[in-house]
Amino acid sequence: MKQIKKVVVIGAGMMGNALAQVFASNADLDVTLRTRQLKDDRYEPIKKNLDIMIAGGAATEAEKEAIVSRISFVTDLKEAAADADFIIECAPEVMEVKQDLFKELEGCSRPDTIFATNTSVMSPTEISAKCERKERVVGAHFWNPGHLIPLVEVVKSDHTSEEVMDATMELLRACGKKPIYCKKDVPGFVANRLQHALWREAFYMVQEGIADPATVDDACKYGPGLRWPALGPMENSDMVGIQLSYNIHDYILKHLADNHEPSPCLKEMLDKGDLGFKTGKGWQEWTPAQIEASNTGLREYLIAMTAKQK
Ligand SMILES: NC(=O)c1ccc[n+]([C@@H]2O[C@H](COP(=O)([O-])OP(=O)(O)OC[C@H]3O[C@@H](n4cnc5c(N)ncnc54)[C@H](O)[C@@H]3O)[C@@H](O)[C@H]2O)c1
């Protein structure tokens, strides 16, 4: 496999800007961000993210300058793709848009170019349906905010070659990310399956009056959630022992939520127009100050974690 030198990011939205920043943090890469309109303030979102990181000690002015200097913007898809080694799309989450984009990119790039999709939930196998070189299409699911969360789920479609999986994992590692190898193209990949198994139980407990919404969140934030950055469920099971894991599941699994439809509470809130932060009411009521505090608190926490890892 040729060494990856030129990375192209398609779509200069929230994720596209974050991903361009991530790839440009590697001094060996040239990064092109394909945008549909060349605006005067096109570097602003990236500079803003970096300024916040600098304020939190997670980046320096010199790093900001170097990162920005490695990113160029183009509007023409053919020009962007012509000599690309790795292209990742951050276009809207619409199947046909992604399929057509990859088909078009195939027609204007080298035969060995890798095509990655940052889709949140769609199947990379389905996204590659209109491509000739399906083995060169791979899922690369970054988590938002893409420049701060280390995890990237690298998803093997039904056709992705091992060479493409390895090259993608290697590239992401070289950009400071923590890629994980997802062996099967299944809905939710790996991390969202874990997350939504937890959300299902959380919603169920509120629905059944077992705990209030804030109590459920506290149970995560001040309890097992503190361990999760250091201890995943598989290691935890080995730590407490396979016998105890067996006994606990033998007793408790039958009592846990196993619904295959969204919680009726969600439907009820939707019908009432209670949309969460957007309307100030969802599971709980939110003042503008509380919403701001939640968003800022999360960002500051992630930046402090990033600064610690440096
Ligand atoms: N927002 C998140 O939390 C998140 C997290 C992980 C993955 N993703 C995925 O990343 C992708 C992009 O999400 P986003 O939040 O950055 O969206 P966004 O709306 O911020 O950005 C989408 C960009 O794509 C451009 N675009 C529109 N039509 C296009 C086309 N036909 N071809 C190429 N570009 C086009 C838009 O101009 C815009 O700049 C989606 O697939 C989304 O599911 C999003």
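Residue check: is Y204 of a type in the set (S, T, Y) and within 27 Å of the chain's Cα centre (by Cα)?
yes
Counting just the residues of the stretch 1-17 that are surrounded by fewer than 24 Cβ atoms within 10 Å (Cβ to Cβ) and hydrophobic (A, V, I, L, M, F, W, C), which one comes out farthest from the ligand (Cβ to nearest atom)?
M1
Rundown of residues vs (1) in a loop (DSSP other than H, G, I, E, B); (2) surrounded by 13 or more Cβ atoms within 10 Å (Cβ to Cβ); (3) in contact (Cβ under 8 Å) with a residue 24 or more places away in the chain, yes/no style:
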position	(1), (2), (3)
Q195	no, no, no
C220	no, yes, no
A230	yes, no, no
S237	no, yes, no
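Could you identify the single residue in W228, W286 that is outside the structural domain of S123 (by TED's automatic domain parsing) and within 30 Å of V138 (Cβ to Cβ)?
Matching residue, one of W228, W286: W228.
So is A293 free of Cβ contacts under 8 Å to residues at least 24 places away in the same chain, closer than 30 Å to A55 by Cα and part of a helix (DSSP H, G or I) or not?
When the stated conditions are applied, A293 passes them.
Scan the stretch 176-192 for residues that are under 15 Å from the mean Cα position of the chain (by Cα) and either surrounded by 13 or more Cβ atoms within 10 Å (Cβ to Cβ) or polar (S, T, N, Q) (or both) and jot them down.
If the condition is that a residue be under 15 Å from the mean Cα position of the chain (by Cα) and either surrounded by 13 or more Cβ atoms within 10 Å (Cβ to Cβ) or polar (S, T, N, Q) (or both), then G176, K177, P179, I180, Y181, C182, G188, F189, V190, A191, N192 are the ones that fit.
If a residue has to be farther than 17 Å from E153 by Cα, surrounded by 22 or more Cβ atoms within 10 Å (Cβ to Cβ) and more than 14 Å from the ligand (Cβ to nearest atom) to count, how many in the stretch 81-105 make the cut?
1
Condition first: touching a Phe, Trp or Tyr at 6+ places or on another chain (Cβ under 7 Å) and among the aromatic types (F, W, Y). Now tell me which residues in the stretch 264-299 satisfy that.
Passing the criteria: F277, W286.
I'd like the full set of residues that are part of a loop (DSSP other than H, G, I, E, B), free of Cβ contacts under 8 Å to residues at least 40 places away in the same chain and within 13 Å of the ligand (Cβ to nearest atom), limited to the stretch 18-46.
Answer for the stretch 18-46, where residues must be part of a loop (DSSP other than H, G, I, E, B), free of Cβ contacts under 8 Å to residues at least 40 places away in the same chain and within 13 Å of the ligand (Cβ to nearest atom): R36, Q37, L38, K39, R42.
So E162 fits all but one of (1) farther than 26 Å from T113 by Cα; (2) exposed (fewer than 12 other Cβ atoms within 10 Å of the Cβ); what number is the exception?
In the conditions (1) farther than 26 Å from T113 by Cα; (2) exposed (fewer than 12 other Cβ atoms within 10 Å of the Cβ), E162 misses (1) alone.
The values are calculated or read from the model by the stated rules, or taken from the named source; none is laboratory data. Computed from a prediction, not measured in an experiment: that's the story for all the values here. Cβ atoms come from the backbone with ideal geometry, glycine included; neighbour counts cover every protein chain shown.
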